[in-house]
Amino acid sequence: MTQYLMAIDQGTTSSRAIIFNQKGQIQVQAQQEFSQIFPFDGWVEHDPEEIYQSVLKVCQEALKKANLCADDITSIGITNQRETTVVWDKDTGKAIYNAIVWQDRRTSDYCSELKAKDLEPKISDKTGLLLDPYFSATKLKWILDNVEGARDQAENGQLLFGTIDSFLLWRLTGEHKTDVTNASRTLLCNIHSLQWDEELLELFNVPSSMLPSIHSNTHEFGHTYDALFGSPIMIGGMAGDQQAALIGQACFSEGMAKSTYGTGCFMMLNTGDKPSKSQHKLLTTVAYQVGDTTHYALEGSIFMAGATIQWIRDGLKLIQNASESVQMAEAVGSDNAVYLVPAFTGLGAPYWDPNARGAIMGLTRDTGIAEIVTAGLQSVCYQSRDLLEAMAKDEVVPSCLRVDGGMVVNDWLVQFLSDILDLPIQRPAITETTALGAAYLAGITGGVFSGLQEVSQLWQQEQAFSQNMKESQRETLYAGWLDSVQRVRTCD
């Protein structure tokens with residue numbers, strides 16, 4: 001009898017539900033985009049209710065497409081945009097303010113104040129993270145300090161906090177829980193004890209009553225309400241999207257690495273069962289906890305990857321569809337003298353410059369749409385090289401990189417990535433590895449899989465890309481990128 005697993009993949013621009021069989025093969029999927037809210041420069045918000053309703057809709061649509069009912073689904077896995085922060089009323093389930101998205105930079109000044117007090121080293125030692133608006137704690141503090149009555153309600157135990165996984169779980173099951181990977185991205189979790197840290201809660205002035213309980217990635221998180229899908233379904237796995245992709249790519253051995261190209265780009269390298277502290281502004285984070293096995297990772301985060309092409313399409317209206325970029329890039333070629341630095345919400349790793357802003361460099365009279373579009377694609381690869389350079393300085397360079405996400409269906413981009421990184425690239429047969437990782441976690445809890453070893457045997461390569469660019473060209477192109485980045489930076 002076929003066993004089915006459902007993955008809820010709640011991303012930055014859309015929500016998806018994908019149903020997999022026990023071999024990790026996609027049966028059906030449903031997707032719905034939702035609104036992006038930009039109240040001020042550097043502010044990014046989502047409507048939590050719209051997110052929840054989109055999740056409900058895609059789950060119901062996927063079941064209908066597959067001609068399945070709730071009883072046919074062994075378990076659900078949730079994976080989510082990380083760091084995005086929601087505060088809601090525990091009685092009504094309604095958010096008291098829009099979700100503040102991971103890209104949001106409104107707390108930059110507050111982070112600078114904490115850095116000026118020399119608090120970053122202590123915070124980094126506990127959390128593996130840097131003091132940056134990217135993470136949840138400063139967003140949560142902002143909501144408590146700026147929404148009328150919020151702090152009093154929180155102190156009285158009326159409000160709950162969570163990243164998107166926790167908010168969805170609460171609305172779907174009534175359980176207030178999170179997993180170790182999402183908790184490790186809040187600036188409130190001690191990654192050594194894998195528990196909320198009292199000293200950090202005091203520093204950010206966060207009442208402990210607001211926080212969800214922390215669990216492993218394979219845990220019986222709860223069962224959905226009967227009314228949602230006809231009968232209850234166990235939610236048996238949760239992980240932040242990048243850790244879920246690492247799991248979906250079966251990077252279970254120390255030294256294995258993956259890079260996901262979605263709205264942003266996130267390169268993650270498995271460092272084994274002990275946290276490895278970067279000296280070059282990479283993040284130390286929990287990779288996963290399955291049973292008695294806990295692995296950590298080094299991660300580099302790029303804020304704008306697919307979102308850059310989305311901006312070229314929707315903002316500049318230079319293309320109507322992202323697929324048009326392939327033909328343009330093939331016509332322009334790799335040796336493009338135009339550079340697009342997509343610092344629309346600042347620069348992520350390894351620069352961590354929240355006040356940097358975007359620019360296009362190298363324009364001449366013969367520059368056209370194709371050159372700018374190609375520069376957008378190349379910017380993703382150059383930023384990936386930035387991350388790899390930081391890893392090299394930390395002496396943890398992978399021998400190969402597994403890639404996934406919506407952008408890697410573009411063969412030109414993946415080949416240029418291999419060339420500029422000077423690294424072989426493996427693209428899996430199933431590129432929806434974020435959802436797949438969530439399904440694997442749910443399947444382990446639901447007994448579909450015995451553990452990580454069985455999951456690793458399901459990974460299959462679709463295509464390999466090998467570097468064939470001359471070193472002189474590679475280094476000249478990258479030097480042009482570094483020069484362009486330097487021109488938009490506001491801090492060292």
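The values are calculated or read from the model by the stated rules, or taken from the named source; none is laboratory data. Given the structure is predicted, the values throughout are model-derived calculations rather than measurements. Because the Cβ atoms are built from the backbone with ideal geometry, glycine has one as well, and the counts that use them run over all protein chains shown.
Which residues, taken from the range 315-359, are of a type in the set (S, T, N, Q), modelled with pLDDT under 90 and assigned to a loop (DSSP other than H, G, I, E, B)?
Residues satisfying the conditions are Q320, N321, S323, T345, N355.
Please find, among L211, L246, the residue that is in contact with a strand residue (DSSP E or B) (Cβ under 8 Å, 6 or more places away or on another chain), of a type in the set (A, V, I, L, M) and buried (at least 23 other Cβ atoms within 10 Å of the Cβ). If you could, list the steps in order and put the result at the bottom.
Numbers: L211 fails: buried (at least 23 other Cβ atoms within 10 Å of the Cβ).
After applying the criteria, what remains is L246.
Quickly run through the range 113-141 and pick out the residues that are of a type in the set (S, T, Y) and under 17 Å from the mean Cα position of the chain (by Cα).
First, the residues of the range 113-141 that are of a type in the set (S, T, Y): 124, 127, 134, 136, 138.
Within the range 113-141, Y134, S136 meet the criteria.
Among residues of the range 323-343 that are without any contact (Cβ under 8 Å) to a residue 40 or more places away in the chain, those with a Cβ under 9 angstrom from a residue that is of a type in the set (D, E, K, R) and surrounded by 20 or more Cβ atoms within 10 Å (Cβ to Cβ), sequence gap 6+ or separate chain, pair up as V338/E371.
The lone criterion from (1) of a type in the set (S, T, Y); (2) under 25 Å from G348 (Cα atoms); (3) out of contact with any helix residue (DSSP H, G or I) (no Cβ under 8 Å at 6 or more places or on another chain) left unmet by T85 is number (3). Of the residues L160, L144, L172, the single one that is part of a strand (DSSP E or B), over 19 Å from the mean Cα position of the chain (by Cα) and in contact (Cβ under 8 Å) with a residue 60 or more places away in the chain is L160.
Each row is one residue, and each column tells you yes or no for (1) modelled with pLDDT under 95; (2) surrounded by 14 or more Cβ atoms within 10 Å (Cβ to Cβ); (3) in contact with a Cys (Cβ under 6 Å, 6 or more places away or on another chain); (4) among the polar types (S, T, N, Q).
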| site | (1), (2), (3), (4) |
| --- | --- |
| G405 | yes, yes, no, no |
| A429 | yes, no, no, no |
| G443 | no, yes, no, no |
| L477 | no, yes, no, no |
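Only a single criterion out of (1) closer than 25 Å to A70 by Cβ; (2) surrounded by fewer than 19 Cβ atoms within 10 Å (Cβ to Cβ); (3) small (G, A, S) is not satisfied by G272, namely (1).
State whether the residues of the range 420-430 include one that is among the β-branched types (V, I, T) and part of a helix (DSSP H, G or I). Break it down into steps so the answer makes sense when it comes.
Of all residues in the range 420-430, those among the β-branched types (V, I, T) come to 420, 425, 430.
Narrowing the set further to residues that are part of a helix (DSSP H, G or I) leaves 420.
The answer is yes, given that some residue of the range 420-430 is among the β-branched types (V, I, T) and part of a helix (DSSP H, G or I).
Out of the range 20-55, which residues are surrounded by fewer than 18 Cβ atoms within 10 Å (Cβ to Cβ), within 18 Å of Y4 (Cα to Cα) and touching a residue at least 60 places away in the same chain (Cβ under 8 Å)? Those that are surrounded by fewer than 18 Cβ atoms within 10 Å (Cβ to Cβ), within 18 Å of Y4 (Cα to Cα) and touching a residue at least 60 places away in the same chain (Cβ under 8 Å): Q22, K23, Q25, I26. Answer with yes or no whether T308 is of a type in the set (S, T, N, Q), outside any loop (DSSP other than H, G, I, E, B) and within 30 Å of F252 (Cα to Cα). No, not satisfied. In the list C381, C400, which residue meets the criterion of being in contact with an Asp or Glu (Cβ under 9 Å, 6 or more places away or on another chain) and not basic (K, R)? Step by step, each of C381, C400 is checked, and only C381 is in contact with an Asp or Glu (Cβ under 9 Å, 6 or more places away or on another chain) and not basic (K, R). Residues that are more than 26 Å from G248 (Cα to Cα) and touching a residue at least 12 places away in the same chain (Cβ under 8 Å) within the range 202-228 comprise L203, F204, N205, V206, P207, S208, S209, M210, L211, Y225, L228, listed in sequence order. State whether the residues of the range 288-302 include one that is assigned to a loop (DSSP other than H, G, I, E, B), within 15 Å of L452 (Cβ to Cβ) and either in contact (Cβ under 8 Å) with a residue 24 or more places away in the chain or among the charged types (D, E, K, R) (or both). There is at least one residue in the range 288-302 that is assigned to a loop (DSSP other than H, G, I, E, B), within 15 Å of L452 (Cβ to Cβ) and either in contact (Cβ under 8 Å) with a residue 24 or more places away in the chain or among the charged types (D, E, K, R) (or both). Residues in the range 120-147 that are at pLDDT below 95 and surrounded by fewer than 15 Cβ atoms within 10 Å (Cβ to Cβ): P121, K122, D125. Hey, any hits in the range 417-427 for a residue that's β-branched (V, I, T), crowded, with 23+ Cβ neighbours inside 10 Å and over 30 Å from Q31 (Cα atoms)? Scanning the range 417-427, I find at least one residue that is β-branched (V, I, T), crowded, with 23+ Cβ neighbours inside 10 Å and over 30 Å from Q31 (Cα atoms), so the answer is yes.
Elements of the type strands (runs of 3 or more DSSP E) sitting completely within the range 190-261 and holding at least 1 residues that are under 30 Å from D145 (Cα atoms): these cover 213-215, 234-240. Output the number of the condition that V338 fails; it satisfies all remaining conditions of (1) over 30 Å from T367 (Cα atoms); (2) of a type in the set (V, I, T); (3) touching a Gly at 6+ places or on another chain (Cβ under 8 Å). Every listed condition holds for V338 apart from (1).
Note on the range 75-119: residues that are among the hydroxyl-bearing types (S, T, Y) and surrounded by 21 or more Cβ atoms within 10 Å (Cβ to Cβ) amount to 5.
Are any of the residues in the range 391-410 assigned to a helix (DSSP H, G or I), out of contact with any strand residue (DSSP E or B) (no Cβ under 7 Å at 6 or more places or on another chain) and among the polar types (S, T, N, Q)? Looking through the range 391-410, none of the residues is assigned to a helix (DSSP H, G or I), out of contact with any strand residue (DSSP E or B) (no Cβ under 7 Å at 6 or more places or on another chain) and among the polar types (S, T, N, Q). Condition check: exposed (fewer than 13 other Cβ atoms within 10 Å of the Cβ), polar (S, T, N, Q) and at pLDDT below 95. Does Q467 satisfy that? In short, no.
Scan the range 395-419 and report the pairs whose first residue is among the small types (G, A, S) and whose second residue is buried (at least 24 other Cβ atoms within 10 Å of the Cβ) and assigned to a strand (DSSP E or B), with Cβ atoms within less than 8 Å and a gap of 6+ or a chain change. Between residues of the range 395-419 that are among the small types (G, A, S) and residues that are buried (at least 24 other Cβ atoms within 10 Å of the Cβ) and assigned to a strand (DSSP E or B), the close pairs are G405/T260; G405/Y261; G405/C265; G406/Y261.
Does D366 count as touching a residue at least 24 places away in the same chain (Cβ under 8 Å) and either surrounded by fewer than 24 Cβ atoms within 10 Å (Cβ to Cβ) or in a helix (DSSP H, G or I) (or both)?
Working: touching a residue at least 24 places away in the same chain (Cβ under 8 Å): no; either surrounded by fewer than 24 Cβ atoms within 10 Å (Cβ to Cβ) or in a helix (DSSP H, G or I) (or both): yes.
When the stated conditions are applied, D366 does not pass them.
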